[in-house]
Amino acid sequence: MDDQQERPLSLDWAAGLIVGEGCFGFTLQRKKHNVVRVTPVFSIGMKDQEAIDTLDRILKEHDLPVYRTGYGEMHTIQVSGLKRLKRYTDVLHPALVGQKKEACRIVGLFVGRRLARPYNSPYSDEEIELVKASRLNNAGKGSRGKLSPDLLRENPVFAEHQTAKTHCPQGHEYSPDNVAFSNTGARRCIICDRASKQRHYERRRESSETLRSTPSLNEG
């Protein structure tokens with residue numbers, strides 16, 4: 001039993017489970033300012049906790065991020081975002097077969113195109129067609145939401161109110177040396193990030209000093 005547990009976990013086993021139960025697709029959600037956002041998603045849900053636990057370990061062995069959720073008897077792994085799905089599609093696509101391989105390929109193409117363009121660029125016709133192709137390939141599964149991909153053409157300037165901003169909410173300029181990007185591709189102000197980390201460090205240090213200066217309950 002111990003020898004079996006110590007064997008390297010198989011990506012082919014994980015791919016087989018994903019072919020049977022997993023899904024690659026997109027969610028379409030309407031955000032503020034009437035903007036429709038497309039989010040690539042991988043998910044798999046089962047009542048078999050042991051199978052999900054094993055898949056969890058295999059994915060982590062291949063340096064893939066894993067986010068677990070659950071409701072009732074269901075055990076779910078769900079991952080979203082451009083950079084995360086880029087890693088998933090690169091690793092899993094060669095091992096998949098059939099319809100799930102095609103679903104993974106479509107998501108991978110979309111993700112690659114979005115990451116190669118400036119953040120918040122309008123969705124291209126090709127990207128919109130990939131979202132529509134995903135819905136057809138998944139037969140209504142995996143591309144969740146009632147919004148039509150054609151709505152993306154009605155919002156040709158994606159999040160224009162964000163891309164037009166030249167400064168962060170604290171007034172720091174979004175200059176090339178003061179911009180970082182989150183996993184979703186959103187701009188982040190480096191100065192604000194550093195200040196936030198410094199405040200967090202100082203709070204932890206003050207908390208530690210308070211604990212050290214508080215008399216122990218055992219001291220009499």
- Counting sequence-distant residues (5 or more places) and residues on other chains, those with an amide H built under 5 Å from that of residue 41 are 25, 26, 27
- Task: Among 74, 46, rank each residue by its count of other Cβ atoms within 10 Å, from fewest to most, as a rough exposure measure.
- Result: 74, 46
- Query: Long-range amide H contacts for residue 67: which residues qualify at under 5 Å (H placed 1.01 Å from N, peptide plane, sequence gap of 5 or more or a different chain)?
  - Reply: 78
- Residues with amide H under 5 Å from that of residue 179, placed H, sequence gap 5 or more: 190
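Only the coordinates and a few stated rules stand behind these numbers; no lab work does. Predicted model, so just to flag it, every value in this text is computed and none were measured. A quick note on method: Cβ atoms are made from the backbone with ideal geometry, for glycine too, and the neighbour counts reach across all protein chains shown.
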